[in-house]
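Written out below as structure tokens is the structure these notes cover.
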Amino acid sequence: MAERLNGYRILILETREEAQFSRLLAEQGADVLQCPMFAIHDAPDSAPVEAWIARCIEKPFDDLVLMTGEGLRRLMKVARRIDVDRDFVRALGKPRKFARGPKPGRALREIGLEPQATTEKPTSEGVAEILARIDLIGHRVGLQLYPDKDHSALIGAITAQGAEVDAVTPYVYDAQAADANIVTAIEEMAEGRIDAIALTNLGQIRRLIEVARAKGAEGRLREGFAKTPIASVGPAVSDELKSHGLRADIYPANDAFFMKPLISAMATALGKNPPRSAAR
């Protein structure tokens, strides 16, 4: 990345992989303001997760759909705790594996496996589209889900193709964590002290709006968004912004929906003006 972000203050909303994002931004000279959005915890009842792993080992799925990298890592954590991780990895190696975007693929490679297909759109609709192209009649499909989302449309689309779905949700969100940090971040944007906010998943937008409404700060959030360039990593985030009457000002070039292309796009866009800190 030729351009740099020296002196620019970038707000990121920490969820799953933002530690890496923060490091990449800092390497480009950015002043990174990190705002924890919520904590992620193992599923409070591990029995259904353990049972899903046991079914996978006893009779490997014909197809496996991974919705998040976090989900596979949490499954591996449980498998190691009950000392079946080697058997679990062997079982995961047998089905065709479909990844919702690049993150599950990275988690698969951490255990020596590869996805057979990765969706172009990192959305449930993208998963349904790619599965619609293949024959699933009579197949057992393992489906790793993530919390706080109604997955009935995806499950219905798979079962409509004649498959049996075996789903698992291996982690939960702590939606009450760090509300004060979110309000502070909203104020920083509203006061014009942020050069850009970088959004890497649609849950961040929903969480911002949820907390703003609960704290009576929705007006300040709208004011902050109006003042602050919004960087979107890809179509799912951009569509979510649009659904709330917001826009994506910065977007990766060539539809490269990854962190580094997003950072390059931010450096190019922000470089047209000096950092806001320089103007104060």
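Within the stretch 107-128, being modelled with pLDDT under 95, open to solvent by 80 Å² or more (accessible area, probe 1.4 Å) and assigned to a helix (DSSP H, G or I) holds for one residue alone: Glu125. Just one of the listed residues (Arg86, Arg73, Arg90, Arg55) is under 21 Å from His151 (Cβ atoms), charged (D, E, K, R), in a helix (DSSP H, G or I) and more than 24 Å from the chain's Cα centre (by Cα), namely Arg55. Of everything in the stretch 186-216 that is touching a residue at least 40 places away in the same chain (Cβ under 8 Å), β-branched (Val, Ile, Thr) and outside any loop (DSSP other than H, G, I, E, B), the residue that is surrounded by the most Cβ atoms within 10 Å (Cβ to Cβ) is Ile197. In the stretch 158-185, the residue that is modelled with the highest pLDDT out of those that are in contact with a Phe, Trp or Tyr (Cβ under 6 Å, 6 or more places away or on another chain) and assigned to a strand (DSSP E or B) is Val168.
There is at least one residue in the stretch 186-196 that is closer than 20 Å to Ala256 by Cβ and either aliphatic (A, V, I, L, M) or modelled with pLDDT of 95 or more (or both). Entry remark, the stretch 244-264: residues being open to solvent by 50 Å² or more (accessible area, probe 1.4 Å) and either part of a loop (DSSP other than H, G, I, E, B) or modelled with pLDDT of 95 or more (or both) number 5 in total. Would a scan of the stretch 63-75 turn up a residue that is surrounded by fewer than 17 Cβ atoms within 10 Å (Cβ to Cβ) and in contact (Cβ under 8 Å) with a residue 12 or more places away in the chain? No.
Looking only at the stretch 64-110, residues that are more than 21 Å from Ala43 (Cα to Cα) and in contact with a Phe, Trp or Tyr (Cβ under 6 Å, 6 or more places away or on another chain) come to 1 in all.
The values are calculated or read from the model by the stated rules, or taken from the named source; none is laboratory data. The shown structure was predicted, so the numbers you read here are calculated from the model rather than taken from an experiment. Glycine gets a Cβ as well: all are built from the backbone with ideal geometry, and neighbour counts include every protein chain shown. Remember, those area values only see protein heavy atoms, side chains included, never the ligands or the DNA or RNA. Shrake-Rupley method; radii C 1.70, N 1.55, O 1.52, S 1.80 Å.
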